[in-house]
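In what follows, a structure is listed as structure tokens, so that the remarks can point back to it.
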Amino acid sequence: MRSFIGTHEVLDTDDFVELALGTDPELWLGVEGETTEERAARLDAGRDILTDDPELITHIAVVTIGAVEEFAHRQLVTARRGRTAVSQ
């Protein structure tokens, strides 16, 4: 089944988040391996966006909390599998 929002085909969760927020989720969540300068530039851009649209912070918080929960869940599942494999 394919999903569309307006004329845009939604391919994955990031597409839904980007359409909901109007920005790329990586702006708020960061990118693995980014340099100190890249992080500073990303945070500056985020501050500018929030200055223009302060109500966006609630949506950003929801996305961030969801990302942290997903990361924690994956870490727990991986840890459980690791212990199960070792104990067998």
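The values are calculated or read from the model by the stated rules, or taken from the named source; none is laboratory data. Note that the structure is a prediction, hence the values are computed from the model and not measured. Note that we place each Cβ from the backbone using ideal geometry, even for glycine, and neighbour counts take in every protein chain shown. Heavy atoms of the whole protein, side chains included, go into the accessibility calculation; ligands, DNA and RNA do not. Shrake-Rupley method; radii C 1.70, N 1.55, O 1.52, S 1.80 Å.
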Stretch in the chain that is longest and holds no GluC sites (Glu not before Pro) that DSSP places in a loop and that have at most 10 other beta carbons within 10 Å: 56-88
Accessible surface of residue 65 - all protein chains present, 1.4 Å probe, nearest 10 Å²: 100 Å²
Those trypsin sites (Lys or Arg not before Pro) in the range 1-44 that DSSP places in a loop and that have at most 14 other beta carbons within 10 Å: 2
Placed amide H near residue 10: partners under 5 Å, 5+ positions off or other chain: 3, 4, 5
Residue-normalised accessible area of the chain, expressed per residue, 1.4 Å probe, Å²: 81 Å²
Whole-percent carbon and sulfur share, accessible surface of the chain, 1.4 Å: 55 percent
In order through the range 28-35: 3J(HN,Hα) via Karplus (6.51 cos²θ - 1.76 cosθ + 1.60), integer Hz, x for Gly, Pro: 8, 9, x, 10, 4, x, 5, 7
Relative contact order (percent, whole number), the range 1-46, Cα cutoff 8 Å, 6+ residue spacing: 23 percent
Helical mean residue ellipticity (222 nm; -39500 (n - 2.57) per DSSP H run of 4+; nearest 500) of the chain: -23500 deg cm²/dmol
Rel. contact order, % - alpha carbon contacts under 8 angstrom, at least six apart, the chain: 18 percent
